[in-house]
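Q: Next up is a structure, given as structure tokens.
The values are calculated or read from the model by the stated rules, or taken from the named source; none is laboratory data. Treat the numbers as computed from the prediction; the structure is a model and nothing was measured. Quick reminder, even Gly has a Cβ in these numbers, built from the backbone with ideal geometry, and neighbours come from all protein chains shown. We work out accessible area using only protein heavy atoms, side chains counted, and drop any ligands, DNA or RNA first. Shrake-Rupley method; radii C 1.70, N 1.55, O 1.52, S 1.80 Å.
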Amino acid sequence: MAKAQQENIWFDKQRLIRIVEPLLAWYGKNARVLPWREQPTPYRVWISEIMLQQTRVEAVKPYFERFIARLPDVAALANVEEDELLKLWEGLGYYSRARNLQRAAQQIMRLYGGNLPADPAALLALPGVGEYTAGAVASIAFGLPVPAVDGNVLRVFARVTASQGDITSPQVRAAARNAAQAVIPADRPGDFNQALMELGATVCLPNGAPQCLLCPVRELCAARQEGQEGNLPVRAPKKPRRVEQRTVFVLCSEDGRIALHKRPSKGLLAGLWELPNVEGWLTPEEAGRFAPRLCLGPAQPLGEAKHIFTHVEWRMIGYRLPARREELEKGWVWASEEQLMGEFALPSAFCAYLPKRKNRTE
């Protein structure tokens, strides 16, 4: 089957063209007030789009405002110390995003004098920028007719056209981008891309629960006409996550400091500070032998906790170990409560064992 015919089976472009006008009218009346929409400069759009990857909008808003207040432009981001950058990102997860932001900022300073390029291909060449982010920045910040197809858009397209294509397939995702490119209005590309995302985020919801009665394009939706809205989009089943058991240690000194360890520069949670931990679940007796030089008493159980990463799930058990505040090896520090709050970036995986800390995504 020819490529054009195959793509048209997945996403009926003639049907998609018909949703443009009602969708834009709905967006004009119903768009959420979001801090990055108030001043859609290229820098602000870029930062928000990176933060929003795999993260809820409500969780991102306070992070975005803190980040922009401290790092208001490309130059500030390019020059900030990594520890401070990671502290600003603490709790958002996927910390490679923050490091890629800084690498990209340094590249923008070097190649473009501190201004994000308006060329989609140049945006795509920046570290951490994929086709979706490049399209979002190009369309929203620069007004270029470039599609921005994320999971929300794929879901809307699949339902509107009753597509049976697997949206996890690279071929189907490419077809969705081509369909979006064919229907995006040249005079309002940023609004159109945001309207699609807004519809997917607030009305055409995932997991078989679309709010069709609130949808501005319900009369044009093939899935609704066929009674298939709860069965679409088609998505290949995810591979099960690997489960790891870990024992976490909270070494508390007599003056209230806690021992932290810096993780390796590569791999999961690369370069972040952590509570010391080992693979497997230890008994209290075994845990008490973790740091015999420092320990002043038996291990005190802190209970179980769980944290889910993209491909792995940690099932943890924790122990508090009263300890002497003696000099630690390189890569370890004794951190005060103030330093935990303001200086050292700890992954949210360990928050269950630090009861005085609040998860910054709450």
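Q: Strictly greater than 32 Å: what percent of every Cα pair in the chain meets that? Write out the running numbers ahead of the final one.
A: Details: 28574 of 65341 pairs.
The share of Cα pairs beyond 32 Å in the chain comes to 44 percent.
Q: Okay, next question. With a 10 Å cut-off between alpha carbons and a GNM built on the chain, which of 181, 106, 54 moves the most?
A: Sorting by GNM fluctuation, first place goes to 54.
Q: Calculate for the chain the 222 nm mean residue ellipticity that helices alone would give, adding -39,500 (n - 2.57) per DSSP H run of length 4 or more and normalising by residue count, nearest 500 deg cm²/dmol. Intermediate results must be reported in sequence, preceding the final value.
A: Numbers: 16 runs with 155 residues, N = 362.
Computed ellipticity for the chain at 222 nm equals -12500 deg cm²/dmol.
Q: Bin by bin, in steps of 5 Å, what percent of the Cα pairs in segment 1-135 do you find, going until the bin that has the longest distance?
A: 2, 9, 17, 18, 17, 12, 9, 8, 6, 2, 0
Q: Right, next: Could you order 350, 142 by accessible surface area, starting with the largest, using a probe radius of 1.4 Å? Walk me through the intermediate numbers first.
A: Numbers: 350 0, 142 65 Å².
Ranked from most to least accessible, the order is 142, 350.
Q: Run the simple label-point estimate for residue 235 and residue 119 please: 7 Å along Cα→C-beta, distance reported in nm.
A: My value for the distance between the label points is 3.6 nm.
Q: Once the Cα atoms of helix 170-183 and of the chain are each reduced to a long axis, what angle between those two axes, in degrees from 0 to 90 to the nearest 10, is obtained?
A: 50
Q: How much accessible area per residue does the chain have, counting only protein heavy atoms and a probe of 1.4 Å, in square angstrom?
A: On a per-residue basis, the chain sits at 49 Å².
Q: Same structure again: Compute the long axis of helix 96-112 from its Cα atoms, compare it with the longest principal axis of the Cα atoms of the chain, and write down the angle in degrees, 0 to 90, nearest 10.
A: Helix 96-112 sits roughly 60 degrees off the main axis of the chain.
Q: How many lysine pairs in segment 210-362, separated by 8 or more positions in sequence or lying on different chains, have Cα atoms less than 24 Å apart?
A: 11
Q: Okay, next question. Counting only protein heavy atoms and using a 1.4 Å probe, what share of the accessible area of segment 219-362 belongs to carbon plus sulfur, as a whole percent?
A: Numbers: 4170 of 8390 Å².
Here it works out to 50 percent.
Q: Can you tell me how much longer the chain between residue 109 and residue 96 gets when fully stretched, taken as 0.36 nm per residue apart minus their C-alpha distance, in nm with one decimal?
A: Values: separation 13, 0.36 × 13 = 4.68 nm, distance 1.99 nm.
Separation in residues times 0.36 nm, less the Cα-Cα distance, equals 2.7 nm.
Q: Could the peptides 312-323, 285-296, 39-50 be put in order, highest first, of the mean number of other beta-carbon atoms found within 10 Å of their residues? Mind dumping the intermediate values first?
A: Details: 312-323: 19.0, 285-296: 14.1, 39-50: 20.6.
With the highest mean Cβ count within 10 Å placed first, the list reads 39-50, 312-323, 285-296.
Q: Could I have the simple spin-label model distance between residue 348 and residue 75, label points 7 Å from Cα toward Cβ, reported in nm to one decimal?
A: Label-label distance for residue 348 and residue 75, simple model: 3.4 nm.
Q: Give the accessible area for residue 149 in Å² (nearest 10); use a 1.4 Å probe, count only protein heavy atoms, and leave out ligands, DNA and RNA.
A: Only protein atoms counted, so the area is about 20 Å².
Q: So, in Å, what gap is there between the alpha-carbon centers of segment 230-271 and segment 67-122?
A: So the separation of the two Cα centres works out to 24 Å.
Q: Moving on. Taking the Cα centre of segment 240-331 as origin, sum charge times position over the Cβ atoms of Lys and Arg (+1) and Asp and Glu (-1), and report the length of that vector in debye to the nearest 20. Working shown, then result.
A: Details: 15 positive and 12 negative charges, 61 e Å.
Computed about the Cα centre, the dipole is about 300 debye.
Q: Pull up all non-local amide H partners of residue 302: gap of 5 or more, or a different chain, and H-to-H distance under 5 Å with H placed in the peptide plane.
A: Answer set, sorted by chain and number: 318, 319, 320.
Q: Can you give me the angle between helix 13-30 and the longest principal axis of the chain, using Cα atoms only, in degrees from 0 to 90, rounded to the nearest 10?
A: On a 0 to 90 degree scale, this one is about 60.
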